[in-house]
Amino acid sequence: MKHRILPTVLGVACFGLAAVAGFAREGWKPLFNGKDLSGWRAYGNEKWTVENGSILGEAVTDKYGYLVTENTYRDFELRVKFKCDAAGNYGLFFRSRMKGEGKWGPDIEGLQAEIDPSRDTAGIYESAGREWLAKPTPEALKIFKPFDWNELEVVAKGGHLTTRLNGKTIVDYQDPAPRFHDGVIGLQLHSGGGMKIHFRDIEIKVLEK
């Protein structure tokens with residue numbers, strides 16, 4: 001009897017854990033399928049490929065490059081894991097829109113969670129607008145893991161913007177006069193060349209109004 005009971009108990013335990021995990025993931029949807037760039041569109045001449053289940057962005061010119069979602073989003077929680085293989089300036093854009101070509105390649109306007117191995121990662125910047133809305137403290141740099149996977153989270157609900165890096169809150173900002181209310185999610189390679197970054201596990205949870 002003992003040999004029959006043990007598998008049953010283990011089965012119930014595993015089912016319980018699966019149910020808890022499923023509940024924790026309720027409402028979340030992947031933006032990247034881990035296989036190809038379906039649902040995304042590239043702007044500029046930088047190189048965007050899929051490698052070992054992650055999106056690989058490589059700067060092959062000295063101009064800007066963007067990979068953005070085909071769909072737009074308003075209020076949401078967003079999670080992405082990233083790994084910088086080279087120094088440089090990168091970004092996770094949200095509530096953004098493309099606006100043609102400029103001197104340094106494709107132009108974009110909207111909000112950005114900064115990614116930079118040397119400074120300001122998870123700070124919030126408004127492109128084609130007020131520039132820095134909220135910079136992180138110097139302590140935030142200590143949370144960043146160089147040349148390793150980091151998790152960046154963005155929560156946007158109305159004018160309330162929050163970022164977290166590796167589980168630690170970096171920015172908690174209430175915008176008194178929001179300019180951008182919805183738009184695409186975008187991955188950025190800054191102008192300058194020589195940059196290389198991986199993105200994976202990109203997922204979003206749309207929030208009700």
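Points worth noting:
- Residues being buried (at least 20 other Cβ atoms within 10 Å of the Cβ) and closer than 14 Å to GLN188 by Cα - total across the range 67-87: 6
- Checking PRO178, PRO138, PRO146 one by one, the residue that is surrounded by fewer than 18 Cβ atoms within 10 Å (Cβ to Cβ) and under 22 Å from GLU58 (Cβ atoms) is PRO146 and no other.
- Among residues that are farther than 19 Å from VAL50 by Cβ, outside any loop (DSSP other than H, G, I, E, B) and among the basic types (Lys, Arg), ARG164 is included.
- Selection count, the range 97-135, where residues are exposed (fewer than 14 other Cβ atoms within 10 Å of the Cβ), assigned to a loop (DSSP other than H, G, I, E, B) and of a type in the set (Lys, Arg): 2
- Among the residues making up the range 149-175, a single one is closer than 16 Å to PHE94 by Cβ, among the basic types (Lys, Arg) and surrounded by fewer than 18 Cβ atoms within 10 Å (Cβ to Cβ): LYS157.
- Failed item, numbered, when LYS47 is tested on (1) surrounded by fewer than 14 Cβ atoms within 10 Å (Cβ to Cβ); (2) free of Cβ contacts under 8 Å to residues at least 24 places away in the same chain; (3) at negative phi; (4) not hydrophobic (A, V, I, L, M, F, W, C): (1)
- For the range 83-101, taking the residues that are within 11 Å of the chain's Cα centre (by Cα) and not small (Gly, Ala, Ser), the one that is nearest to ASP148 (Cα to Cα) is identified as TYR90.
Per-residue answers, yes or no, for (1) at pLDDT below 95; (2) more than 20 Å from THR163 (Cβ to Cβ); (3) touching a Phe, Trp or Tyr at 6+ places or on another chain (Cβ under 6 Å):
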position: VAL68; (1), (2), (3): no, no, no
position: PHE76; (1), (2), (3): no, no, no
position: PHE82; (1), (2), (3): no, no, yes
position: ARG95; (1), (2), (3): no, no, yes
position: GLY102; (1), (2), (3): yes, yes, no
position: GLY110; (1), (2), (3): no, no, yes
position: PRO117; (1), (2), (3): yes, no, no
position: GLY129; (1), (2), (3): yes, no, no
position: TRP132; (1), (2), (3): no, no, yes
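The values are calculated or read from the model by the stated rules, or taken from the named source; none is laboratory data. Please read all numbers here as calculations on a predicted model, not as lab measurements. Don't worry about glycine lacking a Cβ; one is built from the backbone with ideal geometry, like all the others, and counts go over all protein chains shown.
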